[in-house]
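What follows is calculated from the coordinates using simple rules that are stated; it is not laboratory data. Here the structure is a predicted model, which is why all the values come from computation and not from measurement. Note: ideal-geometry Cβ built from the backbone for every residue, glycine included; neighbour counts use all protein chains shown.
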Amino acid sequence: MNKIADKYAADDVGSIFLYTHEAHPGEVMPELRSMEQKFEHALKLRDIYGVTRPILLDSLDGACHRRYGSMPNMTWIFNRSGTPIYKSDWSDANSVDNAIAYFLDVTKRRRNKERLAPFRVERLDYRNQDQEQFYAGLARNGPRAVTEFKDAF
């Protein structure tokens with residue numbers, strides 16, 4: 001996602017990372033109990049994943065996360081007026097890149113005086129699923145995170 005943010009920065013496309021909570025807390029990254037702890041976790045994740053985008057913290061009770069769907073790895077794109085123009089229940093770089101390119105093209109077409117009317121669309125996208133990387137992320141949170149995830153499925 002950092003690469004996408006960099007790619008479109010010159011087009012005035014902003015990008016943030018909203019840190020909500022650990023989906024699978026463990027001994028190393030336990031369940032959040034304070035905003036100070038949440039701040040520390042966000043810094044760790046920034047360093048682990050090399051996040052270069054601004055990181056915003058959701059409230060401790062996750063109000064923003066709940067308001068926008070509660071999925072563990074969502075992406076939303078809003079236009080300048082704050083209208084959601086893209087919502088995905090999983091962050092996938094190819095899908096997000098495609099959506100941004102599409103909406104930048106819409107902006108260009110509007111500037112060229114094309115008459116455009118909005119419509120809604122649903123599509124099924126596909127993402128790479130790297131189980132090894134996923135379990136490595138769980139292990140970073142602690143052995144309990146791995147055990148609890150495996151036991152749940």
Seminar exercise, completed: Under 5 Å from the placed amide H of Gly26, counting only residues 5+ away or on other chains, we find Glu31
For this session: In Å and from the alpha-carbon atoms only, list the Rg and Dmax of segment 102-153.
Result: 21.3, 58
Exercise. Hey, got the dipole for segment 2-152? About the Cα centre, +1 on K and R Cβ, -1 on D and E Cβ, debye to the nearest 20?
Worked result: 900
Exercise. Of Gly142, Gly69, Gly82, which has the largest mean-square fluctuation in a 10 Å C-alpha GNM of the chain?
Worked result: Gly82
Exercise. Projected onto the charge dipole of the chain (+1 at Lys/Arg Cβ, -1 at Asp/Glu Cβ, origin at the Cα centre), which of Asn112, Gly69, Leu43 gives the Cα projection farthest towards the positive end?
Worked result: Asn112
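Counting only trypsin sites (Lys or Arg not before Pro) that are in a DSSP loop and have at most 12 other C-beta atoms within 10 Å, tell me the longest site-free stretch of the chain.
Details: sites that count: Arg33, Arg80, Lys113, Arg115, Arg120, Arg123.
Longest site-free region, per DSSP loop and neighbour criteria: 34-79.
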For this session: Enumerate the calculated ³J(HN,Hα) couplings along segment 4-14 in order (Karplus 6.51 cos²θ - 1.76 cosθ + 1.60, θ = phi - 60°), each rounded to whole Hz, writing x wherever the residue is Gly or Pro.
Result: 5, 4, 5, 4, 9, 4, 5, 8, 6, 9, x
Exercise. For segment 2-152, what is the Kirkwood hydrodynamic radius in Å, using each pair of distinct C-alpha atoms?
Worked result: 17.5
Exercise. Which of Leu56, Leu124, Val146 sits closest to the plus end of the dipole of the chain, meaning its Cα is farthest towards the positive end, when Lys and Arg get +1 and Asp and Glu get -1 on the C-beta?
Worked result: Leu124
Exercise. Once phi is turned into θ = phi - 60°, what whole-Hz ³J(HN,Hα) does the Karplus curve with 6.51, -1.76 and 1.60 give for every residue of segment 82-97, x standing for Gly and Pro?
Worked result: x, 7, x, 10, 7, 9, 10, 7, 8, 7, 9, 4, 5, 5, 5, 4
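Within 10 Å, at most 10 other Cβ atoms, and a DSSP state outside H, G, I, E, B define an exposed site. Report the longest part of the chain free of exposed GluC sites (Glu not before Pro). Let's see the in-between values first.
On the way: sites that count: Glu27, Glu31, Glu114, Glu122.
Here the longest run is 32-113.
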For this session: With θ set to phi - 60°, apply the Karplus curve 6.51 cos²θ - 1.76 cosθ + 1.60 along segment 39-51 and write out the HN-Hα couplings as whole Hz, x wherever there is a Gly or Pro.
Result: 4, 4, 4, 4, 5, 4, 5, 4, 6, 5, 9, x, 5
Exercise. What residues qualify as long-range amide H neighbours of Leu18, i.e. H under 5 Å apart, gap of 5 or more or another chain, H built at 1.01 Å from N?
Worked result: Leu56
Exercise. Once both axes come from the Cα atoms, what is the angle between helix 131-141 and the longest principal axis of the chain, in degrees from 0 to 90, rounded to 10?
Worked result: 60
